[in-house]
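A quick write-up on the structure given underneath.
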Amino acid sequence: TFPGEDCYPFRLDVFRKTERLAFTTPVTFLIGENGTGKSTLLQAIARGSGIHIWEEREGRRDTKNLHEDQLHQSLRIEWSDGKVPGSFFASEHFRHFAEALDQWGKADAGCLDYFGSKSLIVKSHGQSHMAFFEHRFARKGLYLLDEPENALSPKWQLELLRLLRRFSHRGDVQFIIATHSPILLALPDAAIYSFDEAPIRRVTYEDTDYYRIYRDFLNNREKYLGGE
């Protein structure tokens, strides 16, 4: 039951008018402008699946909308082949996780074995993220990623794209990813759901604004810079 039409995210048409989403491919991307609800849905899927969302709130004065945490109560999640474990990744929380992991590793070095046996905070952003992905995705599960490209250069985004393709072929992992990256969206055979219109609909890579804008900009930069 929705709390009310005036409450975010329950007031969004994408949630009120979308009856069902099927995640039938190894990789599914959620796209749309900021505020359209894709990250909120990703978190709701995590909570509804019993997947922990790592958050660091100590010392913060938070104005978080508590209704966002209730969305999962209005979802029904069905598993086609039985429930599996998983993890939720958001780059905005990754630094806090890496620092906590480093402290745990000082008390028990075995904690680091799951992430390459080395501290993640001594690496660059791209290296630490890729070390986490490489070792975490090696295990069977459902992986929910919220804009993983935020701290990655185009080079590292290409590395993540290759990693997703390699692991998705294994058959025992599934990815649902909210993203703005045209590089990640280029993954062959991935499903792309757009939140820009209600109901949520599946689109092709070439039909996304990300593809068209980047293509047109690279082909005619002067037009976008006011040269014409």
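Structural remarks
- Selection within segment 121-168 - at pLDDT 90 or above, surrounded by fewer than 19 Cβ atoms within 10 Å (Cβ to Cβ) and among the small types (G, A, S): G141, S153
- Residue count for segment 45-56, restricted to those that are open to solvent by 90 Å² or more (accessible area, probe 1.4 Å) and at pLDDT below 85: 0.
- Pairs with Cβ under 7 Å, 6+ apart, first in segment 11-38 and among the basic types (K, R), second open to solvent by less than 50 Å² (accessible area, probe 1.4 Å): K17/A198; K38/L30; K38/I31; K38/G32; K38/A178; K38/F195
- Residue tally, condition open to solvent by less than 10 Å² (accessible area, probe 1.4 Å), farther than 19 Å from D13 by Cβ and either outside any loop (DSSP other than H, G, I, E, B) or of a type in the set (F, W, Y) (or both), over segment 174-187: 5
- Applying the criterion of being in a loop (DSSP other than H, G, I, E, B) and either of a type in the set (F, W, Y) or out of contact with any strand residue (DSSP E or B) (no Cβ under 6 Å at 6 or more places or on another chain) (or both) to the residues of segment 188-207, the residue that is least open to solvent (accessible area, probe 1.4 Å) is F195.
- Near pairs, Cβ below 6 angstrom, 6+ apart or cross-chain, from segment 214-227 (more than 17 Å from S181 (Cβ to Cβ)) to any residue that is part of a helix (DSSP H, G or I) and open to solvent by less than 90 Å² (accessible area, probe 1.4 Å): Y224/F217
- Residue match in segment 212-223 (condition: among the aromatic types (F, W, Y), modelled with pLDDT under 95, surrounded by 12 or more Cβ atoms within 10 Å (Cβ to Cβ) and outside any strand (DSSP E or B)): yes
- Condition met for R95 (within 26 Å of A198 (Cα to Cα) and modelled with pLDDT of 65 or more): no
- Residue check, Y143 within 29 Å of W54 (Cα to Cα), in contact (Cβ under 8 Å) with a residue 24 or more places away in the chain and part of a strand (DSSP E or B): yes
The values are calculated or read from the model by the stated rules, or taken from the named source; none is laboratory data. Since we're looking at a predicted model, the values are computed, not measured. All Cβ positions, glycine included, derive from the backbone under ideal geometry; neighbour counts span all protein chains shown. With ligands, DNA and RNA removed, areas are computed over all heavy atoms of the protein, side chains included. Shrake-Rupley method; radii C 1.70, N 1.55, O 1.52, S 1.80 Å.
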